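These notes are about the structure you will find just below.
The values are calculated or read from the model by the stated rules, or taken from the named source; none is laboratory data. Predicted, not measured: the structure shown is a model, and the values here were computed from it. Methodologically, a virtual Cβ is constructed for each residue, glycine included, from the backbone with ideal geometry; neighbour enumeration extends over all protein chains shown. These area figures cover heavy atoms from the full protein model, side chains too; ligands, DNA and RNA do not enter into them. Shrake-Rupley method; radii C 1.70, N 1.55, O 1.52, S 1.80 Å.
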Amino acid sequence: QVRFVESGGGLVQWGGSLRLSCAASGSDISTDTLAWYHQAPGTGRTLIARISESDNTYYIARVNGRFTISRDNAAQTVHLQMNSLKPEDTGIYFCNYGLSPSAPWGQGTQVTVSS
């Protein structure tokens, strides 16, 4: 069973950047569609970016043009480059499968954007 471990979060000022990483273990993710999910305080998880096996990407409107999802199959890792961060980007970020998040959720990584 795959296990995802997220890292790279932190405290950043409005307009700053962060690069999140998600390391997978226990199963080969090279042929899977993967995604990053955002959980704002007091809300559920929302898919914000997705990448297919062939590197086709999808972003929700509010992060499109600011965030970039990428994958490194050799390293079994998925990244999320976040630029021009806004206070509404604050929350916990998780990775999981992108078509159906059926893997156990990791602890996520906390991102706090100060205004």
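If you roll a 1.4 angstrom probe over the protein chains with everything in place, what fraction of the accessible area of the stretch 20-87 belongs to carbon and sulfur, to the nearest %? Here carbon and sulfur together make up 44 percent of the probe-accessible area. Normalised by the number of residues in the chain, the mean separation of alpha-carbon contacts (under 8 Å, six or more apart) gives a relative contact order of 37 percent. Modelled label positions at Asn83 and Ser115, each set 7 Å beyond Cα in the direction of Cβ, lie 2.4 nm from each other.
Placing +1 on each Lys and Arg Cβ and -1 on each Asp and Glu Cβ, with no other charges, gives the chain a dipole about its Cα centre of roughly 280 debye. Along the charge dipole of the chain, Cβ charges K/R +1 and D/E -1, which of Ser100, Val111, Leu80 sits furthest on the positive end? Farthest towards the positive end: Val111.
In the stretch 33-78, taking the dipole from charged Cβ atoms about the Cα centre, the farthest positive-side position among Ser70, Leu47, Leu34 is held by Leu47. Once backbone amide H atoms are built at 1.01 Å from N, Gly10 has Val111, Thr112 as its partners under 5 Å, excluding neighbours fewer than 5 places away on the same chain.
Provide Arg66, Arg3, Arg45 ordered by accessible surface of protein heavy atoms (probe 1.4 Å), highest first.
Arg3, Arg45, Arg66
Its residues counted as N, the chain yields a C-alpha radius of gyration over 2.2 N^0.38 Å of 0.98.
Multiplying the residue separation of Ser102 and Ala75 by 0.36 nm and removing their Cα-Cα distance gives an extension gain of 7.6 nm. Summed over the residues of the chain and divided among them, the accessible surface reaches 50 Å² per residue at a probe radius of 1.4 Å. The mean of 1/r over all distinct Cα pairs in the stretch 1-67, once inverted, gives the Kirkwood hydrodynamic radius of 13.7 Å.
On the basis of the beta-carbon distance and an R0 of 22 Å, Tyr58 and Thr31 show a calculated FRET efficiency of 0.80.
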